[in-house]
Amino acid sequence: MTRLSTAFAKDHPALVTFVTAGDPTPAATAAILDALVAGGADVIELGMPFTDPMADGPAIQAANLRSLAAGTKTADILAIARAFRARHSETPLVLMGYANPMTIRGPEWFAEAARDAGVDGVICVDIPPEEDDALGPALRAAGIDLIRLATPTTDVARLPTVLDGASGFLYYVSVAGITGLQQAAQVSIDEAVSRLKAATDLPVAVGFGVRTPEQAAAIARVADGVVVGSAIVDLVAQYGTDAAEPVRGYIQSLSTAIKAAREEIALEIRQ
């Protein structure tokens, strides 16, 4: 069992959370990561800041700019990951970002550095599965899960390509758009999760646009995981270096709602 597989094997759907490394500063990120764990996050995605985050909306774009303005480098991100792993031996940590920072020194260098920092998985937004050889073999050789994205436009013909070489979990991007601005109708999420779970044994986590405990609970009734990012990033933008406690409280509200949703399902089954 890996840390990721253990996180998705719990008796409730996994709460997958995202923050940008180095936002508001590299030194402040540790307390925010600790707050995610304290609030009940099951998996943490640590965003690698990039100048052109094409899949991200205004909140995460601004977080990237704040982080880069604070001087965050790849070395800082790896140091943040390494220190996190020393403090939290069981919580999975996933690096999420774009190809340039991950491949500029060579995929083998990045994969080995991530492994040595205690990273469990990688999501690379802009390397399509058809170009897996740009990063996938190096990650797999290092024992790091390559987490792929499926979207509303991933049809039955392309889904096998997306799943080929994927591991850890499948991230379902519930809207055909950028992060943070909208959420898909629940009925479309229900239908998509059913279709994806019929095609893979990987856990399916749903993200993009999830903000409220009610939204998280609704997704938790059908999916294996709920991904929340922009709403957390907004709290960091609002509170800056004092964001840890507001983040902890918000994450706790999401975690409580997700667990309650699964308990409701179990009660319905028993009845």
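The values are calculated or read from the model by the stated rules, or taken from the named source; none is laboratory data. Everything numeric here is computed off the predicted structure, so don't read it as measured data. Virtual Cβ from ideal backbone geometry, glycine too; neighbours counted across all protein chains shown. Note: areas computed on protein heavy atoms with side chains; ligands, DNA, RNA excluded. Shrake-Rupley method; radii C 1.70, N 1.55, O 1.52, S 1.80 Å.
Results, tabulated for the structure shown:
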{"read-out": "Estimated 222 nm signal from helices in the chain, with DSSP H stretches of n ≥ 4 weighted -39500 (n - 2.57), rounded to 500", "value": "-14500 deg cm²/dmol"}
{"read-out": "Convex hull of Cα atoms in segment 45-103, direction-averaged projection (nm²)", "value": "4.3 nm²"}
{"read-out": "Surface share of carbon and sulfur [accessible, 1.4 angstrom probe, percent] for segment 128-240", "value": "54 percent"}
{"read-out": "Cα-centre dipole for segment 112-271 with unit charges at Cβ (Lys and Arg positive, Asp and Glu negative), debye to 20", "value": "460 debye"}
{"read-out": "Option label - log10 I(q)/I(0) by the Debye sum over Cα atoms at q = 0.08, 0.15 Å⁻¹ computed here, alternatives (1) -0.33, -1.24; (2) -0.28, -1.08; (3) -0.40, -1.13", "value": "(2)"}
{"read-out": "Solvent-accessible ranking of Arg140, Arg66, largest area first, probe 1.4 Å", "value": "Arg140, Arg66"}
{"read-out": "Cα convex hull of segment 11-109 - mean projected area over all directions, nm²", "value": "6.9 nm²"}
{"read-out": "For the chain: accessible area per residue (Å², 1.4 Å)", "value": "41 Å²"}
{"read-out": "Rounded if a/c under 1.5, otherwise prolate or oblate - segment 94-235, Cα gyration tensor axes", "value": "prolate"}
